[in-house]
Structure formats: structure tokens, C-alpha cells
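Peer 1: Got a structure for you, questions after.
The values are calculated or read from the model by the stated rules, or taken from the named source; none is laboratory data. Treat the numbers as computed from the prediction; the structure is a model and nothing was measured. Note: ideal-geometry Cβ built from the backbone for every residue, glycine included; neighbour counts use all protein chains shown. We work out accessible area using only protein heavy atoms, side chains counted, and drop any ligands, DNA or RNA first. Shrake-Rupley method; radii C 1.70, N 1.55, O 1.52, S 1.80 Å.
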Amino acid sequence: MSDKQCSTFRTTIGGQALIEGILMRGPEKQCIVVRGPEGLVIKEEELKLIKDRYPILGLPLIRGSVTFLDSMVKGVKALMFSADYFPEEAGVEEPSKFEKWLDQKLGNEKMEKVVIGFSVVLAVCFSIGLFMLLPTFLASFVELVTDSVLIRNLVDAVLRIAIFMSYMAAVSRMKDIRRTFSYHGAEHKTIFCYEKRLELTVENVRVQSKHHPRCGTSFLLVVIIVAILINTIIFSIFPVANVFLRMLVQLLLLPLVVGITYEFNRYVGGHDNPVTNFLAKPGLWMQNFTTFEPDDSMIEVAIEALKRVIPAEEGKDQW
């Protein structure tokens, strides 16, 4: 075997765990593979990136928010697709009159777009409210004891991390979510196997690590840490007394936070040295809550999804 075949590399291919399935996204197309009642269901799509039409959206700091929102939209669509093949529980209620009215007025395609848009907005609002605005509101009660901006910022930071970790720990204990997180582990293991240029077999994938440095869990954690650092700097230099005004400033700074986080993760993911390895450790540790060991059937799904997004031109997916 040649040195080229033995050497490892970093791929831009990434994925997302679904309901009994996996979404893999390559440089040219994405593939959804779901294990339905009658076998594997496969859906391939050519990728159409908005930055190809509007190059300005691909500039550093700007591309972070664009990529994040694009990934969320595609992720919600993939989840809805996988849910269609998930066994429904007995006694499912009939669609409400409102749902029937929407279906008649909008049609299936428009209805799907409305649901996806609403789901993305709801998910973003929930995340911002729970992990950013709620800690800031709770930390404001410190002002009843002390006027110290430093202590208030410290309490805000501790609350953000504590709420995030508690949420991830609680979610990971749910039976259905735990199974989805096992598919997450299969996705990571398969990408590791591919990056080591090993043959994509269940045996080769099974022995790989389930913790991957370029993971969405790491991204979310770094978003919180970057937000803490930026807010601490801003509010230390320009103290804002009103808690609701502080929340507004945080919302205005959010695109910058996401942009910096994206560039940080992009740099760390593309370099292998003691500094970047150290910076990646918190994100890897957090994956203990979001990745579990998969069974062989899950690995088979991940392998099928990955194979279908590997570009024909070797090296086109190089990080």
C-alpha cells in the first residue's frame, strides 16, 4: 500500500443524525439514508449554495451565520423526511381543522416550506432564549446584592454553561434521543474511517472513535464561550444597567458571535498541533452527551450515506 493510501486527511464532509437514519453532506451533494420498515430509503440531492449566487455571503465572519442557517434548514427538511418512515404510535390523532385548512390553502409543497421555516425560527428562538437571554436575566438579580459588573458577568457565564450542560445531559437520557445519538456516533466513526483512507466496512468503522473534532456539538459550545467572552468585554467597557437593553445588545452581537465561532472551528479543524488539540478538547468532552456507540445496522446506514457524497474528483473534499 502506498504512502498516499496510508496517510490520513481531513474531509469537509459532515453529517447529521436523523430518526433511524443519517444525513451526509459533501462538497457537491447530500444524501439521506433512513432504515425504514422495508429496508434502506435513500434520497440524494445536488447542493445549491446561496454563496455561489451571492459571493459576498461567503466572506469570513459573514459566512458563519449563512452556513449555520442553511444547515438548519437542510437539517429540518432531512428530519421531516426521516420522520415519514418512523413507525407511528397507535392512537395518533387526526389532523386538526386548522391543519386541514392550511393543507388546502397552501398545498403540500408550500405547507412543507411553512413548517420548515417555523421550525427553524422556533429552534433558533428557543436556543437563544434558553442559553443566552435567560442566563442574562437571572444574573441581573445579582445586582440586588452587589453593583459589581465583574461578578454579574461571572454569574452570567456560569449560568450559561450550567444550563447548556444540564440541558444536554437531560436530553441524552431520553430513550428515543439516545438512539438518535447512537446514529450520531455512527456518523463520526464512518468519517474517521474515511479520513484514514480505510475501506468503508462495518469492521473498520466499528473500531473508530465516536468523538470527532468537527462536530455540531462543539460548535454550539464554542458559540456560548465566544458569546461569554464578547459580552464580558463589551459590558465591562460599556456598562449597561438595564437588563433588557443588555439582552438587545446580545441579540445584535449574535451574528458576530456565530461568525467568529465558525472561523475558529474552521481553523481548529484544519490544523493538528498541541494548541488546536487543546482548544478542541472541551467540544470533544461535550460529545459524551451527544454521541453513543452504534450497532452494526446504524454503521451500515452511515457507510451508505457517506459513499454517496464522496466526490468523483479526489481531493475535492479536502479540508
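Peer 1: State, to one decimal in nm, how far the label point of residue 114 lies from the label point of residue 307, with both points 7 Å from Cα in the Cβ direction.
Peer 2: Each label point is offset 7 Å from its Cα along the Cβ direction, giving 4.1 nm.
Peer 1: At 7 Å along the Cα-to-beta-carbon direction for both residue 167 and residue 281, put a label point, then send me their distance in nm to one decimal.
Peer 2: For the pair residue 167/residue 281, the computed spacing is 2.6 nm.
Peer 1: Tell me, in nm to one decimal, what length is gained between residue 144 and residue 197 on full extension, where the rule is 0.36 nm per residue of separation less the Cα-Cα distance?
Peer 2: 13.2 nm
Peer 1: Hydropathy at least 1.6 by Kyte-Doolittle, axial extent at least 30 angstrom from the Cα trace: which helices of the chain, defined as entire DSSP H runs, fit?
Peer 2: Long hydrophobic helices here: 216-237.
Peer 1: Oh, and also: Using the per-residue mean of other Cβ atoms lying within 10 Å as a proxy for protection, in what order, highest first, do the peptides 243-250, 211-218 fall?
Peer 2: Ranked from most to least packed, the peptides come out as 211-218, 243-250.
Peer 1: If you don't mind, another one. Among 178-185, 292-299, how do they line up from the highest to the lowest mean number of other beta-carbon atoms within 10 Å? Walk me through the numbers on the way to the answer.
Peer 2: Details: 178-185: 21.5, 292-299: 18.9.
In descending order of packing, they fall as 178-185, 292-299.
Peer 1: Shifting gears a bit: By the gyration tensor of its Cα atoms, with a ≥ b ≥ c the square roots of the eigenvalues, what is the shape of region 1-81: rounded for a/c under 1.5, prolate for a/b over b/c, or oblate?
Peer 2: Cα axes put region 1-81 in the oblate bin.
Peer 1: Under 16 Å from a label point 7 Å along Cα→Cβ of residue 137: give me every residue in region 144-177 with its amide N that close.
Peer 2: Under 16 Å, as judged by backbone N against the label point of residue 137, lie 156, 159-160, 163-164 of region 144-177.
Peer 1: Among [x] 21.4, 69; [y] 18.8, 56; [z] 19.2, 62, find the value of Rg and Dmax of the Cα atoms in Å that was calculated from the structure presented, and write down its label.
Peer 2: [x]
Peer 1: Right, something else. Distance cut-off 23 Å, Cα to Cα: go down the list 51/210; 43/113; 77/307; 43/196 and report the pairs above it.
Peer 2: The answer is 51/210; 43/196.
Peer 1: Could you look at the chain and say what percent of its accessible area is carbon and sulfur, using a 1.4 Å probe and all protein chains?
Peer 2: On the chain, the fraction of accessible area on carbon and sulfur atoms equals 63 percent.
Peer 1: Name the residue, out of 280, 186, 123, whose mean-square fluctuation peaks in a Gaussian network model built on the chain with Cα pairs under 10 Å.
Peer 2: Top of the fluctuation ranking is 123.
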